Amino acid sequence: GESVGLHLPTLSVQEGDNSIINCAYSNSASDYFIWYKQESGKGPQFIIDIRSNMDKRQGQRVTVLLNKTVKHLSLQIAATQPGDSAVYFCAENIGGGSYIPTFGRGTSLIVHP
Amino acid sequence: DTGVSQDPRHKITKRGQNVTFRCDPISEHNRLYWYRQTLGQGPEFLTYFQNEAQLEKSRLLSDRFSAERPKGSFSTLEIQRTEQGDSAMYLCASSSDGFGEKLFFGSGTQLSVL
């Protein structure tokens with residue numbers, strides 16, 4: 001089975017609201033986590049990453065939080081815009097010389113104007 | 001544009017035919033990946049190259065699938081005797097040592113097997 005999964009398959013928000021997308025992982029050996037955004041007809045696009053020695057990392061309007069105790073990852077998007085509408089995937093990497101990210105199923109974010 | 005490019009964008013074929021896809025990675029990237037994605041699912045790893053060496057292959061990759069990366073530049077993915085279950089988006093990604101596991105994806109090749 002999948003070791004990376006998402007709690008909500010679809011998230012609908014109003015423009016301007018903050019969005020939170022969650023992800024659970026099961027492999028405690030994972031040391032690197034990445035969030036990707038995929039728009040219709042395109043390949044996944046890197047948003048932000050975090051290593052297991054960190055709890056939080058911020059980017060432009062995005063923040064990733066990592067809780068290793070409960071093996072949980074979240075992506076927060078501030079002031080969500082219609083252009084943020086897409087499917088969001090978390091991916092994990094086991095490390096130890098493996099450079100192969102494993103993807104979860106994804107969450108569809110729908111932003112209503 | 002110096003991103004990852006894939007060709008063709010769409011391929012429709014009949015069951016039993018062979019198909020070949022091409023991927024041109026970002027020029028300075030030494031790692032190249034193939035993933036497969038079906039509707040509503042995340043990308044599934046198929047195979048991975050470090051320069052011209054194919055280092056890992058998923059158990060998903062049956063004997064009908066073969067990938068090459070001659071000279072460590074572009075890569076091809078061939079599917080022989082296609083089956084309807086092969087219908088999917090085939091994604092190529094590349095990365096470099098400097099970026100670790102951060103992958104840069106192409107737009108994919110959408111395969112439809114009739």
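List of remarks:
- Cα-only Debye scattering, region B:54-114: base-10 log of I(q)/I(0) at q = 0.12, 0.16, 0.20, 0.29 Å⁻¹: -0.36, -0.64, -0.96, -1.42
- Chain A - Debye-derived log10 I(q)/I(0), Cα point model, q = 0.13, 0.16 Å⁻¹: -0.44, -0.67
- Longest segment of chain B lacking GluC sites (Glu not before Pro) that sit in a DSSP loop with at most 15 other Cβ atoms within 10 Å: B:84-114
- As a length-normalised measure over Cα pairs under 8 Å and 6 or more apart, the relative contact order of chain B settles at 37 percent.
- Extending 7 Å from the Cα toward the beta-carbon at both A:Gln58 and B:Arg9 defines two label points whose distance is 3.9 nm.
- Positive dipole terminus of chain B, leading residue within B:Ala88, B:Gln6, B:Ser58 (C-beta point charges): B:Ala88
- Spin-label model distance (nm) - B:Asp97 vs B:Ser58, 7 Å beyond Cα toward Cβ: 2.8
- Highest-MSF residue in chain A out of A:Thr102, A:Thr69, A:Thr80 [GNM, Cα springs under 10 Å]: A:Thr69
- Candidates B:Gln17, B:Gln41, B:Gln50, ranked by Gaussian network fluctuation over chain B, Cα under 10 Å, top entry: B:Gln41
- Cα gyration tensor category, rounded, prolate or oblate, for region B:25-67 with a/c compared to 1.5: oblate
- Set the Cα radius of gyration of chain B against 2.2 N^0.38 Å, with N its number of residues, and you get 1.00.
- Charge dipole (Cα centre; +1 on Lys/Arg Cβ, -1 on Asp/Glu Cβ; no other charges) of region B:1-76 amounts to roughly 420 debye.
- Over chain A, relative contact order from alpha-carbon pairs under 8 Å, at least 6 apart, %: 37
- At most 12 other Cβ within 10 Å, DSSP loop - trypsin sites (Lys or Arg not before Pro), region B:30-114: B:Arg59, B:Arg81
- Its Cα gyration tensor gives region A:37-88 an equivalent ellipsoid; the semi-axes, largest first and in whole Å, are 22, 13, 9.
- Quarter of the Cα convex hull surface for the protein assembly as shown, i.e. its orientation-mean projected area (nm²): 12.6
- Eligible lysines near A:Lys68 by straight Cα distance, threshold 21 Å, same-chain separation 8 or greater: A:Lys56, B:Lys102
- Average beta-carbon neighbours from other chains, 10 Å sphere, peptide B:103-113: 3
Bear in mind these aren't lab numbers, they're just calculated from the coordinates by the rules spelled out. Treat the numbers as computed from the prediction; the structure is a model and nothing was measured. Every residue, glycine as well, gets a Cβ built from its backbone with ideal geometry; the counts of neighbours run over all protein chains shown.
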